Structures are given as C-alpha cells and as structure tokens.
Amino acid sequence: MKKLNRREFSRQGGALAAGLFLAPSITQAIGPNDKIRIACVGVRGRGGGLLHEFASQPDVEVTHIADIDESVRTRRAAEIKDKTKKEPKLVVDYLDLLKDPSIDAFVIGTPDHWHALPAIHACLAGKDVYVEKPDGHNIVEGKTMVAAARKNNRMVQMGTQSRSATFLKEAVEYIRKGNIGKTIFARAWETDRQGAISKVPDSEPPKGVDYDLWLGAAPKKPFNSRRFHGNWRWFFDYGCGDLGNDGVHRLDYARWALGAPAWPDAISTAGGKFFFDDVQEWPDTMQVTYEYPGKILVYEMRVWSKPKLYGITEGAAIHGDGGWVLLSNSDWKAFDKDGKQAAGGTGPSPSILHVRNFLDCMRSRKRQELNQEIEQGHQSSVLCHAGNIAWRTGKKLRFNSATESFDDAEANRYLGREARKGFELPKV
C-alpha cells in the first residue's frame, strides 16, 4: 500500500475506522516477559520528560520518536541511545507509525492543539495512548477522544499525574469518611509569577522544522518565535492558557476531593489581561466559579503574583461543615473546625507512578484501574474549556451534560473549530 499524504489520509478516515489500517496490536494482554514498545510523539519540554520516564521502566522499549523539529528529535534519540543502548527510529509525522504492528502505544507530549488527532488515530489503529493534559484543544476534540477510546477498547491515560499520588488518595479517603463533615466549598489556585512575552516580527521557521505540520488544525499564519516553542500555550489557536496548563491539575484534584459530580450545572468567569502588556492572548488573572448541586468550586489564577495562598503557590482547599483539608503537590493537611491540625501526610512524586499505572493496565486490560482514564480526564479538561469560554463570552453559562454544550449560541461556537484541510477530526 502506498504511503498516504495527510490529505489523502483524512479523506480515508472511514477506512481507518473500519479497520483497513488496523495494526495487529495488543487487543489481548501483553505477556509477562514481553517488552511494551512505545512511540513518543512530541518530545520537547514535557514530552521529553515523558520520553525519559517511559524509557526508565524496565519493561519498556522506546522504539520510535516522532517530532516536527529535527534538532529536538535527534537530540532526544541520542539521549535514549545513551540511556538504554538502543536507538529509536525517527520520523517527522506520526502517521508513518500507525500501521507498524510492533508499536503497542503512543505517548503524546505535543502542544495542546496536537493532543487529539494522534490519540484518536492511535486508538483507531489499535494502540493504547498516554496523552498529556488537557485532553484536547477544545471540548469537541476531547469528546471525540473519549469516543475513540471506547469504540476501540483502548487504554487511554491522561497526564494529570496527581491522580496517582498516594498522599492525595489518602486525603480523599479521609474526606470520604466524613472527617470534615459535609463538603460544600472548594478553592483551587495558581499564584506563581510568569514572565511577559514581548513582541517580535514574523520570520522564517528554524531550519529542520516542519512548521506547516506543527500548525496542524490551527489556522495558517506566518511563523513567529513567540507563538512557537515554550510560548504556544498563551495563544488561542494552540493552547488553553494557564487554566488549561496548570489549572487542570488543581481543578482535577479539587473536584475529586470535593466529591463533585462529573459535570457542573453552571460556569461563570471574571478576569482579563490586567498586568502584562504583551502579545499573549489568554488572561493573566481569572476567577472561575463552577456551580454543582449543593457545592461550589472556585478557581483563582494570578500569574503575575508571588504571594501564596495558605503558604503554597498552587493547590486546593476543601471546606466542610466540620473542618477543612489543604492539598498541595506534595502533601495534605486536615484541620478540624477550630483550626487545629488533625491529620496529614506526604508521598513520592506521582509522575512515575502514573506512568507505571498506565503500563500495568496495558497488561491487565482493566480500564477501570487506570488512575486517570480519558473520560475522567475529559471531565476535568471541560472545566478548563468551559471557564475559558465563559470568559470569552462574558456570560454565566449553563452546561448540558448530555450534549456537552451550553445554553448559549455564542458559547457553543467555541466548543470546537473548523480545522484546516487535511487535519480534520475523523468520524468515530
């Protein structure tokens, strides 16, 4: 079969879904002595960290690296060869890997606007997926990712690694046992200061970068270094601002500990660019309120301010009628109604634990044992998208959980987007 270009592949998406390109991958459990063979897609930044975390596991072999930047993929390949004594094969476009039956899973560490397509295509090709947060660039992408995982019975883990933190599991169990009474209110926050993004003129892409492929579904625009490596998350076309960057972590464990339902009834947001006079598009200041039956979850974001809340720059506080619990990225503390500390705990970094949980579930095929299965991850990602949409519309929005849409036509325009030709979401 000839190699398809991306536009041909998009037109033949139905053939992929029907199984014509289906790789004879791991629909059954992997043998106990078999290596899990991983392809890493997007290996700069957090993707590079994931590459090394997976490569450090004794039952994993990183066999392939896909990245649009030649300098990045060659450097990472050299690092893995030095680490494991085996050199991964290198490609620019992950589409070249979908029909390879030797690959068991994709690990996706790309920018937000490139989470959905490789994850969906991997599921359709019979491969499991570990994908960074948020699950997609928008709600429709995330919804399609969940559908692809379900239809093809794939193990798909989202990278909100706090779900694998032993100390947070202890905190949630402490709350569930009624130790702080009825949980009613939670606050999550981000107060770490970030830098401004100064304006620079457009330019040619760096040598060795496939910029058109990097743009993907996003609108065609000239290359600008401020919208590229490191800064893409602050622009509408590629990222979800700090709400989708750091906020998804804090919202996820705040929602988990609060015991909130899967979906909020209503969302409202106050915020804007009140501090930075620069080229980034998303707010530097936000307060988002999520209303649930009998519960409120508030997210506060100030990326220009070092002062901490409750002594930490990012975290969550869960309040009940009999006390409260403070959650950080490394420990938890419980206080009674008089403010006296009653319990607490610490634990190791959850990142490797999250990777390990994914690999173990690949072997067992027990989706219910994934610590952040894609549907759960999608629910937390929707909180970020919904908060951003409420800010963009300036309206209090009602959320319809059955359709994953809003009670407002303007808001529903932001549920998804029209992708560039050749980068459309496949039908699942």
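The values are calculated or read from the model by the stated rules, or taken from the named source; none is laboratory data. All values reported here derive from a predicted model rather than from experimental measurement. Every residue, glycine as well, gets a Cβ built from its backbone with ideal geometry; the counts of neighbours run over all protein chains shown.
Yes/no per residue for (1) out of contact with any helix residue (DSSP H, G or I) (no Cβ under 9 Å at 6 or more places or on another chain); (2) of a type outside the set (Lys, Arg):
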| position | (1), (2) |
| --- | --- |
| 360 | no, yes |
| 372 | no, yes |
| 378 | no, yes |
| 382 | no, yes |
| 401 | yes, yes |
| 420 | no, no |
Would you check which residues across region 268-313 are of a type outside the set (Gly, Ala, Ser), closer than 15 Å to residue 241 by Cβ and either crowded, with 19+ Cβ neighbours inside 10 Å or not assigned by TED's automatic domain parsing to the domain that holds residue 247 (or both) and list them?
269, 280, 282, 283, 284, 286, 288, 299, 301, 302, 303
Kindly state which helices (runs of 4 or more DSSP H) lie completely within region 111-211 and contain at least 2 residues that are free of Cβ contacts under 8 Å to residues at least 12 places away in the same chain and closer than 24 Å to residue 370 by Cβ.
166-176
Among the residues of region 380-401, is there at least one that is more than 24 Å from residue 272 (Cβ to Cβ), assigned by TED's automatic domain parsing to the domain that holds residue 288 and over 15 Å from the mean Cα position of the chain (by Cα)?
yes
State whether the residues of region 83-91 include one that is assigned by TED's automatic domain parsing to the domain that holds residue 360, over 18 Å from residue 37 (Cβ atoms), modelled with pLDDT of 95 or more and not in a loop (DSSP other than H, G, I, E, B).
no
Looking at residue 208, is it at pLDDT 95 or above and not assigned by TED's automatic domain parsing to the domain that holds residue 300?
yes
Selection from region 228-241 of residues surrounded by fewer than 24 Cβ atoms within 10 Å (Cβ to Cβ) and either in contact with a helix residue (DSSP H, G or I) (Cβ under 8 Å, 6 or more places away or on another chain) or modelled with pLDDT of 95 or more (or both) yields 228, 229, 231, 232, 233, 235, 236, 237, 238, 239
